[in-house]
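The values are calculated or read from the model by the stated rules, or taken from the named source; none is laboratory data. Keep in mind it's a predicted model, so treat the numbers as computed, not measured. Counting neighbours? That spans all protein chains shown, and the Cβs are built from the backbone with ideal geometry, glycine included.
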Amino acid sequence: MTGVVGDMMAEAARRAPDGSEIVEIPIALIDRNPYQTRHFTQEDDEELVALAQSIKAQGLIQPITVRPGKNGRYFLITGERRTQAAKLVEKTTITAIVRQVSDQQAAEMTVIENLLREDLNCMDEVRAFVMLSRTFLMTQDQIAKRIGCSRERVSNYMRLARLPQEVQDFLRDNRLEFSHARILLRIEDDQVLLRVARKVVEEHLPVEELEDLVRDKAFPVEGQEKKPGVARWVDPNVRAAQQSLQRALGMRVKIRDRRGKGKIEIEYGSLEDFDRLVGLLGAKK
């Protein structure tokens, strides 16, 4: 009887909470995720080495997720970094949850895992939303409901896909911020837009100066000699307070300080954000 109970417990241990099978799979049988939209940076590579050492010392704490392919092979769904880290320490097998899911479900799972990253690059998010839209013909409303965010967020990010590729590269490399991109989108001429974006990157213009430039249509002229300039100095304490408020509220915050006087502007992207902000401010009265 004890043997039967032991076998039942062992079988349960090889099952995920949703009933999916947990197995040890040869890494050589796992094919890349066709729906991976994440861009890996040099910082990711450095973190990968640390993760590899952790796996070598403690083993894999969280299994990867795969789905069956053909001829005994598997497609990766989530856990690309864990798989790469296991390869670095010459692991030949890896613990995996085998899920029987459709292409669309696999894509959604990959996107959701990426969106949970705290340091998510905005272009990663753009590529994810565009992929769901073009590959699976999902509407912005459907994407928002599946991912768990507002339709306005999906719409705002997908608009970045119309930016010239060089500007998208600036965003991907964190040389431009999402707030810069939203202002650049007001420029209808792509050539002008690109010149302005280059000016922002070269002169390290803050969002406030870009906003003034676009509002006044003071666009740089092609071939015009660049005038040496210095970006406006911002008090580090003000910048830190601004960043802290943005993290706390989840919204764009601008603090304009002039010798201890100024104003705080909070930009909300939806009625839900507005209601949440009103509630937060009201709770502190």
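What single numbered condition from (1) over 19 Å from A218 (Cβ atoms); (2) more than 17 Å from the chain's Cα centre (by Cα) fails to hold for L160?
(2)
Quick check, is R186 modelled with pLDDT of 90 or more, more than 16 Å from the chain's Cα centre (by Cα) and surrounded by fewer than 17 Cβ atoms within 10 Å (Cβ to Cβ)?
yes
Out of the residues in the range 40-54 that are surrounded by 13 or more Cβ atoms within 10 Å (Cβ to Cβ) and under 15 Å from the mean Cα position of the chain (by Cα), which is modelled with the lowest pLDDT?
T41
I need a count of the residues in the range 99-147 that are assigned to a helix (DSSP H, G or I) and out of contact with any strand residue (DSSP E or B) (no Cβ under 8 Å at 6 or more places or on another chain).
Result for the range 99-147: 32.
Would you mention how many residues in the range 73-82 are touching a strand residue (DSSP E or B) at 6+ places or on another chain (Cβ under 6 Å) and within 23 Å of S54 (Cβ to Cβ)?
Residues meeting the conditions: 5.
What is the number of the single condition among (1) of a type in the set (S, T, N, Q); (2) out of contact with any Gly (no Cβ under 7 Å at 6 or more places or on another chain); (3) surrounded by 16 or more Cβ atoms within 10 Å (Cβ to Cβ); (4) under 21 Å from M251 (Cα atoms) that N174 does not meet?
(3)
Please specify each residue of the range 111-129 satisfying the condition of being out of contact with any Ser or Thr (no Cβ under 8 Å at 6 or more places or on another chain) and at pLDDT 85 or above.
Scanning the range 111-129 gives C122, M123, E125, V126, F129.
Being more than 20 Å from the chain's Cα centre (by Cα) and not in a loop (DSSP other than H, G, I, E, B) is the filter here; which residues of the range 66-82 pass it?
Answer for the range 66-82, where residues must be more than 20 Å from the chain's Cα centre (by Cα) and not in a loop (DSSP other than H, G, I, E, B): V66, R67, P68, Y74, F75.
Exactly one condition in (1) under 30 Å from L213 (Cβ atoms); (2) of a type in the set (G, A, S); (3) not in a helix (DSSP H, G or I) is not met by A96; state its number.
With (1) under 30 Å from L213 (Cβ atoms); (2) of a type in the set (G, A, S); (3) not in a helix (DSSP H, G or I) applied to A96, the lone miss is (1).
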